[in-house]
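Since the structure comes first, as structure tokens, the remarks are kept for the end.
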Amino acid sequence: MTTHTTNSAAESTTRPVERTVTIVLILSALAGFAWVGSMVFSALRG
């Protein structure tokens with residue numbers, strides 16, 4: 001007979017962390033693109 005183990009406790013703690021990390025990475029990428037865009041804009045403007 002095989003035993004069935006569930007990792008529901010471990011999965012419930014890692015999922016919000018992964019979601020938070022993904023959100024932070026997306027926001028930092030957007031901030032980086034905005035910064036690069038502002039640098040290009042200021043270089044072309046003046």
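Structure above, values below:
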quantity: Matching residues, the range 3-26, being outside any helix (DSSP H, G or I) and modelled with pLDDT of 75 or more; calculated: THR3, HIS4
quantity: Hey, ALA29 surrounded by 10 or more Cβ atoms within 10 Å (Cβ to Cβ) and either at pLDDT below 95 or among the small types (Gly, Ala, Ser) (or both) or not; calculated: yes
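The values are calculated or read from the model by the stated rules, or taken from the named source; none is laboratory data. Just so you know, these numbers come straight off a predicted model, no measurement behind them. No Cβ is skipped: glycine too gets one built from the backbone with ideal geometry, and neighbour counts run over all protein chains shown.
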